[in-house]
Amino acid sequence: MKNIPVVMIIFGGSGDLAHRKLYPALFNLYEQGLIHDDFAVIATARRPWSHDYLREQISDAIHETHAEVNENDVHDFASHFYYQSHDVTNVEHYQTLKKLAQDLNDRYSAEGNRIFYMAMAPRFFGTIATHINDQHLTSTGFNRIVVEKPFGHDLASAEKLNKQINASFKEDDVFRIDHYLGKEMVQNILPLRFTNPLIKNIWNTATIKNIQVTLSEQLGVEARGGYYETSGALRDMVQNHIFQIITLLAMPQPQNLEAASIHAAKQELLDSLLIPTKEEVMQHFVRGQYLGTDNTFGYRQEANVADNSLTETYVAGEIKFAKGPVAGVPLYFRTGKEMKEKKSRIDVVLKHQSNPYGSVHSNNLTIEIDPQMCIYLTINGKKITEPGIRREKLAYSFSKEELAQVPDGYERLLRDVFVNDSTNFTHWSELKRYWQFIDAVENVWAEDNQSAQPQMSEYLPYRMGPKAANHIFESATEHWIYE
C-alpha cells in the first residue's frame, strides 16, 4: 500500500469521537502502511494538554480497542501526534496552528498535503471554515476537509456552511462523512442489487410492494438532551443515515463503479424525490416521545429538556421517488430512542402472487446491518409431516474469521479520504435534496405545534415506538415486517 505524505489537523482532538474512533482507525491505517513515516497529526482543542499527554491518550485509545498490539508500533505511531490548545474563535490561534503545520510539513516531508477534520460541536464548523480561509491554512499540495454530521440545521444553514467551506475547498475536496456508509452491510447493498440476477430482476415496481428501513436505539438521549432539543430524530437520523440507505436502495444502476458515476446515479434519483405535502405529512408521518417508568426518565424529564418539549425522539414516515427502478414504491422508515433493542435493518417486501396453495406469506429480503450482519431471503416451502406451507430462510452470513476482518466504518472512510475516493461521501447536491425534504416535514410540524393539540404520540420505553406508526401505510395490507 502506498504511503501517503500528509499533515492532518483534527479540530476537537481531545473529544470522544477522536478517542474512540479516529485514533484507533488511524493506527490501523498506520499498521497497513497507508500512513507511516511521512505524516503528522495536530490535535486541537481548548484543553491545556501537552504533546506527551496527547500521546498517552492515543496509546490508551489504541489499547482500549485492540486486543494485541506491538508496543513499539504504538509508541512510533503516537510520536507523530502534536497538540495545540486552540480557541476556534481566536484568529491568532490559527496563525500559531499555521506555523506548526508548516514546521511539521517540513519535518515529515508531507509535500504540502493537508487534511482538516471537524470533530467538534457543529456550531463551530462555519467559524473554523471561515478562519481556514482568511488565515490561509491550506497549503501547496492537496487540501481536503472532513465534516461530521450534522451539516447544517436546515437548508438555509447548510447552504451558509457550504458557502463558507467552498471559500477554501472545491466540492471534490469536501468529505461529508456519515459512518453508516462505512458499514459492511450498507456497502453490500449495491453488489447485492447489481450482481445477482435473482435480486436484480425483481428490483422493480412490478415486484416490490414496499421497502422498510428500521434504525432503532435502545438507549435514551441521556446526557445529550441539550443537543437533542435542537435536533430531534428527524434531523439527527433521517436527514443522513436513513436517506443514505434509501438512496442506495432506490438509485438506478450506475454506468461503472467510479465515484462520479455513482454520484450521478444518486443525483438522477434525488432529482425525482417527491417532497411531501402537508396532507401527506399528516397522513404518512408520525412523531413521538418516550415516556418514563418507575425506573426510567421520560424524555421530558431528561436533563436540559424543556418540560413542554415538542422535540421528537421517534419518527416514522414515507419516502417516494418519481423515477428509478422502484418509482412510486413507498419506502417506509422509522427510528427512535428507547426502543425494544438496538437494531438496524432493511426489509424489502415483495408483492403476493397468485398461486394454487391459497393464502401464503410474501417473500421478503432482509438486510441486517447491526448488531448482526447478514442477508436472508424468506421463502415458502412445503411442511414435512402435514399439508401446508412453511416459511424458510436462505441466509448469507459471515464466519467468525470473516467478522474479525471487517473494518470499522471510520477506518474505511478515513482510508477513502487519504486516497481521495469520494464514493461513500455525500455531495452537496444530494444533501441539498435531503434538506428540502426534511424542511418540508419540519415546517408542517412547526405549524402543528401552534395548534391546541399538537400531534405528538407517546410510547412506552423498550417497545417498537408509538402505535400510531402502524397506520402510516398506503394500504391496509401493509405492516411493519420487523416487530
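A short reminder: the numbers here are calculations on the coordinates, not readings from a lab. Keep in mind it's a predicted model, so treat the numbers as computed, not measured. All Cβ positions, even for glycine, are placed from backbone atoms using ideal geometry, and neighbour counts span all protein chains on display.
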- Using 16 Å as the cut-off for backbone N distance, which residues of the range 266-283 belong to the label zone defined by a point 7 Å from the Cα of residue 471 along Cα→Cβ? 280-283
- Inter-probe distance in nm under a simple model that places probes 7 Å from Cα toward Cβ, at residue 399 and residue 440: 4.8 nm
- Note on the structure: Descending packing, highest mean Cβ count within 10 Å first, for 339-348, 186-195 is 339-348, 186-195
- Can you tell me the relative contact order of the range 6-148? Whole percent, Cα pairs under 8 Å, sequence separation 6 or more. 33 percent
- Note on the structure: Along the dipole axis of the chain (charges at Cβ: +1 for Lys and Arg, -1 for Asp and Glu; origin at the Cα centre), the most positive-end residue among 225, 344, 48 is 344
- Item | Cα centre as origin, Lys/Arg/Asp/Glu Cβ charges: the range 350-453 dipole, Debye | 760 debye
- Note on the structure: Cross-link reach from residue 163 to aspartates and glutamates, straight Cα distance under 17 Å and at least 8 residues apart if same chain, gives 134, 148, 154, 171, 172, 173, 430
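Between residue 479 and residue 386, what FRET efficiency comes out of the Förster formula 1/(1 + (r/R0)^6) with R0 = 45 Å and r the beta carbon distance, rounded to 0.05? Write down the numbers at each step before the final one.
Details: r = 27 Å, r/R0 = 0.60.
Efficiency for this residue pair is about 0.95.
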- Task: Could you let me know the centre-to-centre spacing of the range 415-483 and the range 320-353, using Cα atoms, in angstrom?
- Result: 11 Å
- A chain fully extended from residue 159 to residue 279 at 0.36 nm per residue, minus the present Cα-Cα distance, gains in nm 40.5 nm
- Item | Whole-angstrom gap from the range 45-120 to the range 268-312, using each part's C-alpha centre | 39 Å
- Note on the structure: In the chain the DSSP beta bridges are antiparallel at a rate, in percent to nearest 5, of 55 percent
- Note on the structure: Expressed in nanometres to one decimal, the distance between label points 7 Å along Cα→Cβ at residue 421 and residue 133 is 3.1 nm
- Given the candidates 327, 100, 19, the one whose Cα lies deepest towards the positive end of the charge dipole of the chain, counting +1 at each Lys or Arg C-beta and -1 at each Asp or Glu C-beta, is 327
- Message: Longer than 27 Å from Cα to Cα, which of 170/432; 323/382; 21/467; 183/393; 149/320 are they? Say none if no pair is.
- Response: 323/382; 21/467
- Simple label model, 7 Å out from Cα along Cβ direction - residue 306 to residue 75, nm: 5.6 nm
- Item | Protection proxy ranking, peptides 85-95, 312-322, 32-42, average beta carbon neighbours within 10 Å, highest first | 312-322, 32-42, 85-95
- Query: Where the only charges are on Cβ atoms (+1 Lys, Arg; -1 Asp, Glu), what is the dipole of the chain about its Cα centre, to the nearest 20 debye?
  - Reply: 1360 debye
- Query: Taking the Cα centre of the chain as the origin and placing charges on Cβ (Lys, Arg +1; Asp, Glu -1), which of 74, 243, 377 is farthest toward the positive end of the dipole?
  - Reply: 377
- Item | For the range 6-148, size of Cβ-based charge dipole, Lys and Arg +1, Asp and Glu -1, in debye | 640 debye
- Item | Computed over the chain: relative contact order in percent, which uses C-alpha pairs under 8 Å that are six or more apart | 17 percent
- What does the helix-only formula give at 222 nm for the chain: each DSSP H stretch with n ≥ 4 adding -39500 (n - 2.57), the total divided by the residues, and the result rounded to the nearest 500 deg cm²/dmol? -9500 deg cm²/dmol
- Item | Among 238-247, 108-117, the order from most to least packed when residues are scored by Cβ within 10 Å on average | 238-247, 108-117
